[in-house]
1. Does residue 825 satisfy the condition of being out of contact with any helix residue (DSSP H, G or I) (no Cβ under 8 Å at 6 or more places or on another chain) and over 23 Å from residue 801 (Cα atoms)?
2. Filter the range 180-196 for residues that are under 26 Å from residue 284 (Cβ atoms) and without any contact (Cβ under 8 Å) to a residue 24 or more places away in the chain and give the result.
3. Consider the range 460-493. How many of its residues are free of Cβ contacts under 8 Å to residues at least 24 places away in the same chain and assigned to a helix (DSSP H, G or I)?
4. Go through 793, 788 for me and flag whichever is surrounded by 16 or more Cβ atoms within 10 Å (Cβ to Cβ) and more than 29 Å from residue 837 (Cα to Cα).
5. Residues in the range 361-373 that are under 19 Å from residue 397 (Cα atoms) and touching a helix residue (DSSP H, G or I) at 6+ places or on another chain (Cβ under 6 Å): how many?
6. Given (1) farther than 21 Å from residue 745 by Cβ; (2) in a strand (DSSP E or B), identify the lone condition not met by residue 782.
7. Taking the range 294-329 only, how many residues are in a loop (DSSP other than H, G, I, E, B) and out of contact with any helix residue (DSSP H, G or I) (no Cβ under 7 Å at 6 or more places or on another chain)?
8. Do we have residue 454 as farther than 29 Å from residue 570 by Cβ and surrounded by fewer than 19 Cβ atoms within 10 Å (Cβ to Cβ) here?
């Protein structure tokens with residue numbers, strides 16, 4: 001095929017006429033090459049290659065009909081009406097037909113069988129032959145080779161099967177075989193029928209349903225019953241009859257019968273098939289509740305008979321399928337799942353019954369849970385080296401067993417967990433038990449959330465695991481850590497489950513955070529993300545949009561800006577239809593920005609939008625998306641400067657007493673209030689949440705008596721956040737609207753001050769004994785965050801002298817800040833400056849210096865507190881530093897003077913002159929000197945005998961800021977901290 005032009009003309013070849021007229025045989029080709037060739041003008045456009053006549057190929061076809069069979073025996077059965085004298089022969093021959101041929105014509109074959117049974121009902125011989133043929137087909141489909149035809153058979157039974165009286169014939173033949181079980185000639189037929197029992201019953205039941213349905217539609221007295229009792233109840237009724245019959249048969253069997261029955265199987269595979277089907281059938285019957293829940297006698301009788309049968313079969317498992325060469329993993333797996341389903345069945349949970357009923361059941365039947373639970377334990381230990389094959393798959397089922405609230409059962413089965421840890425440690429090759437650990441954590445989460453487990457289980461699990469681990473040479477350390485970890489998880493999960501039924505969404509949020517923090521620490525992202533979305537939902541229900549945004553942000557932080565595909569657990573339940581992590585993170589960011597916008601946290605929305613904009617601009621080049629995002633960001637900036645945004649109050653809440661849940665008990669939390677939420681409203685909300693709690697009137701820490709009391713005590717007071725201004729904003733004229741955000745957000749420290757009297761009251765100097773105790777509370781996380789409250793992790797208090805120093809620092813900072821603002825913006829109103837200056841230089845206040853002199857600047861104080869010498873000197877320097885700052889403030893005040901303010905200004909000037917004279921006399925003179933291009937130098941002149949200092953230089957971290965007329969203003973703390 002060297003001619004590319006001819007072969008490449010695809011458009012030409014799309015026309016069928018072009019290639020259907022080409023030569024297709026060697027003869028036609030030779031005729032074309034001869035000049036005398038006639039009627040071959042249509043081939044003139046075809047140019048064969050040199051070797052065309054030497055190339056040839058053959059096409060072989062096989063026609064297979066899906067409607068008409070070519071098998072004579074099967075065809076004879078399908079056409080039974082045209083040859084009715086050979087029906088018996090054709091039925092016998094059917095059981096010799098190759099299986100593949102039968103399954104291809106399954107519906108037609110089954111239709112023929114049931115038509116023969118119904119239309120030839122006068123001849124009982126046909127009933128037995130049709131029954132045997134039906135059993136043969138069911139057994140055929142049960143074979144591994146054709147097991148994928150099971151859905152076809154079930155579809156036929158429930159959608160195409162129409163023989164309403166077949167149940168009469170089928171039950172008659174089945175009853176005959178069972179009744180003549182001792183007839184050796186029918187043994188094979190009986191065994192085959194028992195193996196096909198599942199589908200035989202389905203045919204029988206469906207036939208009966210069709211019959212009842214027909215009767216109900218044709219007879220008036222059936223109409224009311226038919227509407228009140230759907231066909232599914234008829235099915236349950238019939239199933240109950242057959243299960244009762246089977247139970248009665250099994251009840252008559254003793255050990256010899258079971259042993260003899262097993263010995264009748266000819267091959268090992270027959271035993272496997274029998275046990276497999278029996279285990280599956282028993283588990284199916286247990287799960288379907290054949291009898292009503294209140295029919296105690298039948299339920300208990302069935303359970304007792306099944307238990308005896310299962311225990312008989314365990315000896316078969318140990319005898320035939322346990323050693324290394326004959327071990328059957330799936331068979332053992334089916335046994336364990338059946339045993340667990342039996343043990344956890346609702347009819348056996350005695351603690352759910354009344355005491356009288358419980359006593360009656362135990363007296364007559366015993367606690368069957370313990371019996372099979374002990375058997376599960378024994379069978380597990382019998383596995384030996386095969387145990388590793390069941391880890392981690394059997395962790396969940398064994399956990400279900402241990403969670404059953406029966407003490408002896410728990411003590412017997414919990415050690416299986418240690419055996420699993422030991423087994424994985426020894427045989428996994430990794431020297432750890434991570435598979436077991438991960439599976440147990442996953443299943444514990446599911447089971448406890450589903451209602452299982454209690455405090456006693458937590459205590460016993462920790463106790464038994466610790467006992468076993470501490471005795472083990474290699475698992476003593478890691479095992480003990482794991483035992484304590486699982487105990488901690490259980491405590492959190494039990495709290496979570498308990499509180500989920502609480503009306504308080506705040507408590508539910510707290511427990512949810514405790515659980516998700518545990519999973520975060522254990523790096524279980526799948527469960528961690530699931531609880532993140534539970535927390536997100538709680539926040540959106542309460543309209544806590546800021547907290548909802550921070551919660552979703554934790555999910556987004558697990559993702560990368562990459563095209564790496566998202567693993568399943570990262571997507572979660574309500575995820576977007578995305579492929580890569582980048583797509584998911586983008587969608588999450590858009591949702592988070594929307595939440596921040598609704599929560600008026602525009603600064604955080606801007607921060608995320610910048611990250612998203614960089615991705616749009618430099619990675620995916622989505623300029624349209626970038627444009628829309630920048631428009632939103634512009635709105636956010638405008639909102640910061642113009643929109644009303646009230647600052648929230650912060651409250652410290654102490655939960656004291658043993659009456660509170662463990663996650664609150666004797667702990668202090670800082671709460672972020674809602675917009676315009678007052679302390680009275682917040683207190684009312686707390687007392688509504690804990691109606692039996694007693695409100696404490698004092699803000700002092702409670703004693704041990706209150707903490708150990710069985711009651712509930714609530715303590716609540718307002719705290720002030722400590723602003724943490726970003727370094728980029730310091731010493732700059734930042735607008736108040738921007739600063740207001742940082743006064744209430746991105747804060748982690750809070751203060752509360754209260755007066756405290758220490759020592760005896762001094763009638764001459766009351767202030768000397770009155771201490772201002774200021775407490776600083778540091779929370780575990782900064783506000784705002786994934787909760788509206790966080791636990792206090794650190795509490796510090798400061799002495800009165802330290803409090804005085806900080807008070808002076810804050811006062812100097814206020815003066816410095818307001819002076820800076822007036823220097824940079826001459827249009828600012830002068831009223832705030834007037835009030836500040838007046839509050840300091842007023843003779844009644846005198847800066848508060850007199851109190852400090854009486855309390856700290858005395859020989860007695862220095863003798864009692866010699867370690868405070870440096871702090872006293874610092875306080876004196878801060879007092880001296882206030883003078884030049886006040887001088888600059890009064891100077892600016894004079895520049896903005898009006899006629900109305902002139903009397904006030906004159907008074908301020910006079911008071912300041914007197915104050916300055918007094919301070920400089922006692923504490924020295926500090927001057928602020930501006931040197932172009934250099935740092936500020938503080939010149940200190942000592943004029944008082946109590947002050948020994950010459951000069952100090954400001955910190956290198958502080959830069960000069962130009963004022964008016966070359967005057968330089970510095971922050972109050974620069975030269976002294």
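1. Details: out of contact with any helix residue (DSSP H, G or I) (no Cβ under 8 Å at 6 or more places or on another chain): yes; over 23 Å from residue 801 (Cα atoms): yes.
For residue 825, the condition - out of contact with any helix residue (DSSP H, G or I) (no Cβ under 8 Å at 6 or more places or on another chain) and over 23 Å from residue 801 (Cα atoms) - is met.
2. Residues satisfying the conditions are 181, 190, 194.
3. Residues meeting the conditions: 11.
4. Just one listed residue meets the conditions, 788.
5. 5
6. Condition not satisfied by residue 782: (1).
7. 5
8. Answer is yes for this residue.
The values are calculated or read from the model by the stated rules, or taken from the named source; none is laboratory data. A quick note: this is a predicted structure, and the numbers were derived from the prediction, not measured. Cβ: placed from backbone, ideal geometry, glycine included. Neighbour counts: every protein chain shown.
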